[in-house]
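The structure appears right after this line, and notes come after that.
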Amino acid sequence: MKKKIALVTGGFTGESVVSLKSAAVVEKNIDLGRYDIYKIIIEKGNWYYQDGSGTHYPVDLNDFSISPNGEKTTFDGIFNILHGSPGEDGKLAGYFDMIGLPYTTCDAITSSITMNKGYTKAIIQDIDDLNVAKSLQLFKNTTTNTQRVIDELQLPYFVKPNSGGSSIGMSKVKTKEEVQEALDKAFAEDTQVLVEEFVSGREFSIGMYMVDGEVTVLPATEIVSSKEFFDFEAKYTAGVTEEITPGRMTEEEVARVKKVAEKVYLKLNCKGAVRMDYFLEHETGKIFFIEINTVPGQTETSLISQQVKAIGKSVQEFYTEIIEEMWK
């Protein structure tokens, strides 16, 4: 008997567009000899199954079942590819925990914490050989907080929504005059904002996932953007960014990053595939943590897909490993 998997996508944020693209790739690459896949789209106030003809069937939230053509279908597990809220911030994980459905991503607590960049940094900052940039976590957009940023941090710095993804609402600030505009932009996306001092370094992103209790650390991707930083346009517009997989690192750097990445995965109690972004500081080679993404993109050109292929594994094999792990 093939297992029935709900492929959960959509979401409540601007990242829903990326989530739907990721879901289309997962749907195309998953092993249909092993699994029956049902695409479930989650929007505010509207959760539904969309069949191949585009017909919508509502989800029964009592047990996350659907009844196309009057026949009730329940699921063996959830492939979560919903970026942002509620798929990446722990809300959906908490719901699935309550109704007893396994899923491919981190549990509710880890998802909730890692969605908050400031809280994540506080937890991982004591890991050996991992550094975090000096920062301020702001909870209100006030003139007092604007002045705190100017007084306590050294220019330039990044201003970003604390729980956002895909670099939406993010700015690089070079002068005091730009601070308020950057804070307004970030607070328009989130109720908390993180302001971090700029680290001059090469940017990388590295995927990790666990199978049978062992963490596999994939080859890192080096991000070389023609823009000043890896923003939404740089991430999702062809030709704006060069992505080199494996990234250009020495053997010593590769070994050091691998050790740190595994420690981050275990310290945060991650599950499934996650992606850590980091800098290697130009002058020192120190590893500076940027953020962790617990529902990384799975589009055709996404970093995780590139990294899986770089170790000679097919994306289908990777998805099978991720799916099978949720029942262990």
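The values are calculated or read from the model by the stated rules, or taken from the named source; none is laboratory data. Given the structure is predicted, the values throughout are model-derived calculations rather than measurements. Ideal geometry is used to build each Cβ from the backbone, glycine not excepted, and the neighbour counts take in all protein chains shown. With ligands, DNA and RNA removed, areas are computed over all heavy atoms of the protein, side chains included. Shrake-Rupley method; radii C 1.70, N 1.55, O 1.52, S 1.80 Å.
With a simple spin-label model that places each label point 7 Å from the Cα along the Cα-to-Cβ direction, the separation between LEU61 and LEU155 comes to 4.8 nm. Comparing mean-square fluctuations of GLU71, GLU27, GLU317 from a GNM of the chain with C-alpha springs under 10 Å, the top value falls on GLU71. Computed from label points 7 Å out along Cα-Cβ, the spacing between LYS286 and GLU242 is 2.8 nm. Put simply, the amide H of LYS3, placed in the peptide plane, has neighbours under 5 Å in ASP36, leaving out anything fewer than 5 places away on its chain. Length gained on full extension, THR175 to LYS267, computed as 0.36 nm times the residue gap minus the Cα-Cα distance: 29.5 nm. Share of carbon and sulfur in the accessible area of the chain stands at 49%, probe radius 1.4 Å.
Which length gain, in nm to one decimal place, applies between VAL215 and GLU197 when the Cα-Cα distance is subtracted from 0.36 nm times their residue separation?
On the way: separation 18, 0.36 × 18 = 6.48 nm, distance 3.10 nm.
So the chain would gain 3.4 nm between VAL215 and GLU197.
Projecting the alpha carbon convex hull of the chain along each direction and taking the average yields 17.3 nm².
Which angle from 0 to 90°, rounded to the nearest 10, does the C-alpha axis of helix 315-325 make with the longest principal axis of the chain? Tilt relative to the chain: about 80 degrees.
Using only alpha carbon positions, build the gyration tensor of region 13-125, then give the equivalent ellipsoid semi-axes as the square roots of 5 times its eigenvalues, largest first, whole angstrom. Show your work: numbers first, answer last.
On the way: eigenvalues 141, 49, 38 Å².
The three semi-axes for region 13-125 are 27, 16, 14 Å.
Using C-alpha pairs under 8 Å with a sequence gap of at least 6, the mean separation divided by the residue count of the chain gives a relative contact order of 18 percent. Quick one: which of LYS263/LYS309; LYS117/LYS263; LYS174/LYS259; LYS117/LYS174; LYS140/LYS172; LYS39/LYS313 span more than 29 angstrom between C-alpha atoms? From LYS263/LYS309; LYS117/LYS263; LYS174/LYS259; LYS117/LYS174; LYS140/LYS172; LYS39/LYS313, over 29 Å: LYS174/LYS259.
Which value, in Å², gives the accessible area per residue of the chain when a 1.4 Å probe is used on the protein heavy atoms? Please list the in-between numbers first.
On the way: 14730 Å² over 328 residues.
Counting only protein heavy atoms, the per-residue value for the chain is 45 Å².
Paramagnetic label reach from TRP327 (point 7 Å along Cα→Cβ; backbone nitrogen cut-off under 12 Å): within region 51-81, residues 76-78. Packing, taken as the mean count of other beta carbons within 10 Å per residue, orders the peptides 1-7, 114-120 from highest to lowest as 114-120, 1-7. Computed about the Cα centre, the dipole magnitude for region 64-132 is approximately 280 debye when only Lys and Arg (+1) and Asp and Glu (-1) carry charge, each at its Cβ.
Considering only GLY201, TYR319, GLY297, the residue lying farthest towards the positive end of the dipole of the chain is TYR319, judged by Cα position with unit charges set on Cβ.
What is the Cα convex hull volume of region 97-139 when expressed per residue in Å³? Walk me through the numbers on the way to the answer.
Numbers: hull volume 4.2 nm³, N = 43.
Each residue corresponds to 98 Å³ of Cα convex hull volume.
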